[in-house]
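A quick write-up on the structure given underneath.
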Amino acid sequence: MSSQEEILNDGRFSCITRDPRFWEMPEKKRKIKIDKRFRAMFYDKKFKLKYTVDKRGRPVNYTSTEDLRKFYALSESDSELSEDDSKEHSEKKKKKKKKAKPKGEVDS
């Protein structure tokens with residue numbers, strides 16, 4: 001860290017601290033806002049990829065949905081809707097699984 005302090009104290013580079021081009025982007029502005037038309041990409045199977053190795057060949061347990069949540073955010077008006085939709089979507093899956101179980105049973 002001492003080298004960074006030296007650079008900032010140097011007269012040639014002192015303008016970097018005041019220039020907004022070199023400021024770090026706030027976390028609220030980092031994520032791209034997604035509206036309700038594209039909210040399915042957070043829970044749809046078509047958008048989910050499971051990685052077993054990273055780009056250097058090391059084993060990882062990682063999915064692409066983590067990247068989606070990292071770089072994209074639902075717009076504030078749609079965020080409440082998406083939470084409700086994701087709950088409804090998971091409930092529908094549970095209902096389908098429950099309906100699928102009694103197939104082997106025969107009514108007498």
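For the range 1-53, a residue qualifies if it is farther than 30 Å from L68 by Cβ, part of a helix (DSSP H, G or I) and open to solvent by 100 Å² or more (accessible area, probe 1.4 Å), and the qualifying residues are Q4, E5, E6, N9, R12. Tell me, please, whether a residue that is open to solvent by 50 Å² or more (accessible area, probe 1.4 Å), within 17 Å of R39 (Cα to Cα), modelled with pLDDT of 60 or more and part of a helix (DSSP H, G or I) can be found in the range 79-89. There is no residue in the range 79-89 that is open to solvent by 50 Å² or more (accessible area, probe 1.4 Å), within 17 Å of R39 (Cα to Cα), modelled with pLDDT of 60 or more and part of a helix (DSSP H, G or I). Quick check: is even one residue across the range 56-65 open to solvent by 90 Å² or more (accessible area, probe 1.4 Å), within 30 Å of F13 (Cα to Cα), assigned to a loop (DSSP other than H, G, I, E, B) and modelled with pLDDT of 85 or more? No, there is no match, as no residue in the range 56-65 is open to solvent by 90 Å² or more (accessible area, probe 1.4 Å), within 30 Å of F13 (Cα to Cα), assigned to a loop (DSSP other than H, G, I, E, B) and modelled with pLDDT of 85 or more. Whenever a residue of the range 21-36 is closer than 15 Å to E76 by Cβ, it has no partner that is loosely packed, with under 10 Cβ neighbours inside 10 Å and of a type in the set (V, I, T) lying with C-beta atoms less than 9 angstrom away and at least six residues away or across chains.
The values are calculated or read from the model by the stated rules, or taken from the named source; none is laboratory data. For clarity, every value in this text was computed on a predicted model and none was experimentally measured. With ideal geometry, Cβ positions are generated from the backbone for all residues, glycine too; neighbour counts draw on all protein chains shown. The area values use the complete protein model at the heavy-atom level, side chains included, leaving out ligands, DNA and RNA. Shrake-Rupley method; radii C 1.70, N 1.55, O 1.52, S 1.80 Å.
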